[in-house]
1. Between Ser155, Thr73, Pro165, whose Cα lies farthest towards the positive end of the dipole of region 6-193 when Lys and Arg beta carbons carry +1 and Asp and Glu beta carbons carry -1, centred on the Cα centre?
2. Going by how many other beta carbons lie within 10 Å of each one, how would you line up Val67, Val25, Val82, Val43, fewest first?
3. Shape verdict for region 109-194, please, from the Cα gyration tensor: rounded (a/c under 1.5), prolate (a/b greater than b/c) or oblate.
4. For region 6-193, just list the percent of Cα-Cα distances falling in each 5 Å bin from zero outward, please.
5. Counting other Cβ atoms within 10 Å of each Cβ, which chymotrypsin sites (Phe, Trp or Tyr not before Pro) in region 118-194 have at most 11 and sit in a DSSP loop?
6. What would the Debye formula give as log10 I(q)/I(0) at q = 0.17, 0.19, 0.24 Å⁻¹ for the alpha-carbon point model of region 66-164, no solvent?
7. Dipole size in debye (nearest 20) for the chain around its Cα centre, Lys and Arg Cβ +1, Asp and Glu Cβ -1?
8. Net charge near Gln80: determine it from the other residues with C-beta under 15 Å of the C-beta of Gln80, scoring Lys and Arg +1 and Asp and Glu -1.
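Please treat every number below as a calculation from the coordinates, not as lab data. None of these values were measured; they are calculated from a predicted model. Glycine gets a Cβ as well: all are built from the backbone with ideal geometry, and neighbour counts include every protein chain shown.
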Amino acid sequence: MINFDETYWDNRYKEGTTGWNIGHVSMPLKEYIDQLNNPSISVLIPGAGNAYEAEYLFEKGFKNVTVLDISETALLNFQQRVPNFPEKELVHTDFFQFQGAYDLILEQTFFCALDPSLRIEYARKMYSLLKPEGKLIGLLFDFPLTQEGPPFGGSKDEYLGYFKPYFNIEILTRCYNSIPQRAGKELFFKLLKK
């Protein structure tokens, strides 16, 4: 079994084997960000990788955005692309060891990159990182879960099992605005901390 550790992800960025990289903020998350009207909220983007969502938020005046990744190379790449982004908000650590409290957490290709055995722990950790009434927003892949990955797939029913104990499910539905390669294979979700 592959160990999806810091070395694994760092090598993926160094080698440029980042097939999940679409080169821009994904349309479902862009549309969600565009309706946010309080740029002072605290936002966490875990497993951020290329962090196009963080760049987009920063350009729109959101100054309290934390980018977290286990890959130092991913963070350095982001820093070179967005040199004015506050360095103290670039956090090189393991998500499961991280502590904090946020109004909003954005999920973009992080959940699907984790070993599926960590999914229950992921839901618990997201719950612990959100402030009361905090929101977890993002995208999940909607295709059969196999041993092949990352990305690892899953289904709406499976995801509900992980999140229902910790969150009120406001939205969990098929995306209408995915990129062509992901059309019919993405679910947009909005979860509110219980």
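1. Final value for the positive-end residue is Pro165.
2. Details: Val67 29, Val25 21, Val82 16, Val43 25.
Ascending Cβ contact count within 10 Å gives the list Val82, Val25, Val43, Val67.
3. Values: a/c = 2.05, a/b = 1.34, b/c = 1.53.
It is oblate, given that a/c is not under 1.5 and a/b is not larger than b/c.
4. With 5 Å bins starting at 0, P(r) equals 1, 8, 17, 22, 22, 18, 9, 2, 0.
5. On the way: sites: Tyr122, Tyr127, Phe141, Phe152, Tyr159, Tyr162, Phe163, Tyr166, Phe167, Tyr176, Phe188, Phe189; in loops: Phe152, Tyr166, Tyr176.
Those that pass, being in a loop and sparsely packed, are Tyr176.
6. Ignoring solvent entirely, the Cα scatterers give -0.86, -1.04, -1.38.
7. Values: 20 positive and 25 negative charges, 113 e Å.
So the magnitude is around 540 debye.
8. On the way: positive: Lys14, Arg81; negative: Glu55, Asp69, Glu72, Glu87.
Combined, the nearby Lys, Arg, Asp and Glu give -2.
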